[in-house]
């Protein structure tokens with residue numbers, strides 16, 4: 001299996017707090033990798049270092065290497081904006097742009113950059129919305145405000161917006177934690193389809209979800225990676241005692 | 001233990017009456033001022049007020065067209081200086097500035113906002129009137145801009161802080177550079193609130209008299225040169241109100257009515273923009 005993203009001795013500090021401690025991990029291409037662990041274990045911090053979101057936090061310091069197709073994204077001279085175009089992100093709370101219509105939200109990545117090609121715009125909207133199975137629900141009201149959609153629809157819209165700019169990797173930061181079970185199910189089905197074309201890395205505190213959607217799982221605790229492997233192995237025959245305790249619900 | 005105290009409803013009534021009294025005490029002066037200006041001004045207001053310049057001493061009639069024009073010119077110029085400085089300063093504070101530098105700038109803006117406007121006028125006098133060897137509309141505009149900057153800066157900052165961080169992140173995660181995100185997402189989301197703040201700042205400087213006394217100075221004629229003294233509505237009201245002529249007093253009342261009308265309109269407009277529906 002080809003590796004798409006690789007962490008090599010990743011450390012993240014916020015001021016004096018050592019949030020992520022020497023993590024090395026590989027994310028295989030065209031698969032779903034779940035990062036699980038209790039709150040505050042550093043899983044979201046790892047995810048946000050993958051698209052250089054910490055660049056905006058003055059107190060954050062990232063050391064070590066993150067390789068995207070064997071190129072270090074933290075190397076001097078690398079433009080974080082270019083990295084973020086290749087590595088998209090879906091957030092915990094659906095965050096469509098409130099001043100934009102459904103149609104414009106899908107195209108936000110192009111519109112905000114001023115690079116919208118009018119001839120292909122409608123095509124992108126349709127194909128992106130179809131991929132997230134939202135097209136049939138909204139095709140008659142593309143011009144209405146995106147905030148009028150339900151939470152689950154908004155989250156699928158955010159995923160459509162992310163894939164519309166054709167990234168290679170999609171990061172998901174607890175994408176279902178603000179959604180009801182039916183909306184969650186739809187997103188999970190979608191994640192399974194997305195891996196055909198993208199490498200998906202998902203942070204979740206819902207272990208059942210990790211077991212359902214992911215091919216590989218990494219367990220984090222207190223800023224360190226305790227164990228990683230195929231999801232089946234992590235959930236059935238974990239090597240570490242801590243992993244087993246967490247998975248069986250003894251803590252966390 | 002009893003559930004009802006005989007004094008509870010009495011206390012409730014007493015406090016309610018106190019609050020009603022306080023509300024009336026606040027609103028009465030406003031009502032008196034408004035009614036009085038309306039009474040005195042309306043009878044003196046005519047089309048001439050908006051089209052004529054003041055007549056020489058002794059002649060009746062005339063208007064304050066030059067003052068209205070001068071006020072408009074100086075407010076526009078002050079806006080051209082104050083708006084970009086205030087808005088860009090606020091963007092720096094919320095989006096780019098480090099915490100320590102931002103604290104210093106924020107504190108300075110608060111001090112600047114608290115400085116009496118006559119002192120702002122003195123600063124403009126020292127910086128512009130003295131070196132240029134003459135009173136000018138430009139100096140007047142600069143002194144007004146100095147008053148405008150902290151108001152615009154602080155209101156804009158408050159509005160930018162209200163824009164949820166998740167929106168900025170959504171834009172950045174799509175590969176939009178920070179400066180474009182600031183322009184197209186952050187500032188665009190805060191737009192109505194910023195417009196409200198700017199309108200209130202304009203309302204504030206439209207009525208300022210003190211800083212114009214020794215910067216724009218004012219005159220009785222049409223003046224179109226920015227390097228020469230220029231009339232302004234509040235200045236003319238001041239000059240006419242203290243003059244010993246009955247006719248000029250009437251013009252001053254008409255001017256006061258127009259000025260209050262402008263304030264009222266600006267405040268209403270600010271409220272209108274402030275109340276527009278916003279999602280977020």
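Looking only at region A:150-171, count how many residues are within 11 Å of chain B (Cβ to nearest Cβ), outside any helix (DSSP H, G or I) and in contact (Cβ under 8 Å) with a residue 24 or more places away in the chain.
Counting residues in region A:150-171 that are within 11 Å of chain B (Cβ to nearest Cβ), outside any helix (DSSP H, G or I) and in contact (Cβ under 8 Å) with a residue 24 or more places away in the chain gives 4.
Just a yes or no: is a residue in region B:112-119 without any contact (Cβ under 8 Å) to a residue 40 or more places away in the chain, within 21 Å of the chain's Cα centre (by Cα) and either closer than 22 Å to residue B:227 by Cα or surrounded by 18 or more Cβ atoms within 10 Å (Cβ to Cβ) (or both)?
The first filter runs over region B:112-119 and keeps only residues without any contact (Cβ under 8 Å) to a residue 40 or more places away in the chain, leaving B:112, B:114-115, B:119.
Restricting the remaining residues to those that are within 21 Å of the chain's Cα centre (by Cα) gives B:112, B:114-115, B:119.
Going one step further and asking which of them are either closer than 22 Å to residue B:227 by Cα or surrounded by 18 or more Cβ atoms within 10 Å (Cβ to Cβ) (or both), we end up with B:119.
Yes, there is a match, as at least one residue in region B:112-119 is without any contact (Cβ under 8 Å) to a residue 40 or more places away in the chain, within 21 Å of the chain's Cα centre (by Cα) and either closer than 22 Å to residue B:227 by Cα or surrounded by 18 or more Cβ atoms within 10 Å (Cβ to Cβ) (or both).
Kindly indicate whether any position in region A:91-100 is touching a residue at least 24 places away in the same chain (Cβ under 8 Å), surrounded by fewer than 23 Cβ atoms within 10 Å (Cβ to Cβ) and more than 11 Å from every other protein chain (Cβ to nearest Cβ).
No.
Please find, among B:38, B:17, the residue that is touching a helix residue (DSSP H, G or I) at 6+ places or on another chain (Cβ under 7 Å) and farther than 30 Å from residue B:229 by Cβ.
Details: B:17 fails: touching a helix residue (DSSP H, G or I) at 6+ places or on another chain (Cβ under 7 Å).
Only one candidate qualifies: B:38.
Just one of B:86, B:140, B:134 is under 30 Å from residue B:236 (Cα atoms), touching a residue at least 12 places away in the same chain (Cβ under 8 Å) and touching a strand residue (DSSP E or B) at 6+ places or on another chain (Cβ under 7 Å); which is it?
Result: B:140 is the single residue among B:86, B:140, B:134 that is under 30 Å from residue B:236 (Cα atoms), touching a residue at least 12 places away in the same chain (Cβ under 8 Å) and touching a strand residue (DSSP E or B) at 6+ places or on another chain (Cβ under 7 Å).
Does residue A:87 satisfy the condition of being surrounded by 15 or more Cβ atoms within 10 Å (Cβ to Cβ) and either within 14 Å of chain B (Cβ to nearest Cβ) or at positive phi (or both)?
Values: surrounded by 15 or more Cβ atoms within 10 Å (Cβ to Cβ): yes; either within 14 Å of chain B (Cβ to nearest Cβ) or at positive phi (or both): yes.
Yes.
Output the residue which, of all residues in region B:243-266 that are more than 24 Å from the chain's Cα centre (by Cα) and part of a helix (DSSP H, G or I), is surrounded by the most Cβ atoms within 10 Å (Cβ to Cβ). Steps first, please.
As a first pass, look at region B:243-266 and keep what is more than 24 Å from the chain's Cα centre (by Cα): B:243-250.
Narrowing the set further to residues that are part of a helix (DSSP H, G or I) leaves B:246-250.
Numbers: B:246: 8, B:247: 18, B:248: 20, B:249: 16, B:250: 18.
Result: B:248.
How many of the residues in region A:20-52 are surrounded by fewer than 21 Cβ atoms within 10 Å (Cβ to Cβ) and assigned to a strand (DSSP E or B)?
Final tally of qualifying residues: 6.
Can you confirm whether residue B:220 is away from chain A (no Cβ under 14 Å), out of contact with any strand residue (DSSP E or B) (no Cβ under 7 Å at 6 or more places or on another chain), in a loop (DSSP other than H, G, I, E, B) and more than 30 Å from residue A:175 (Cα to Cα)?
Details: away from chain A (no Cβ under 14 Å): yes; out of contact with any strand residue (DSSP E or B) (no Cβ under 7 Å at 6 or more places or on another chain): yes; in a loop (DSSP other than H, G, I, E, B): yes; more than 30 Å from residue A:175 (Cα to Cα): yes.
The answer is yes for residue B:220.
Rule-based calculations on the coordinates, nothing more; no lab input. Fair warning: this is a prediction, and the values are worked out from it, not measured in the lab. Here Cβ is always computed from backbone atoms with ideal geometry, including for glycine, and neighbour counts include all displayed protein chains.
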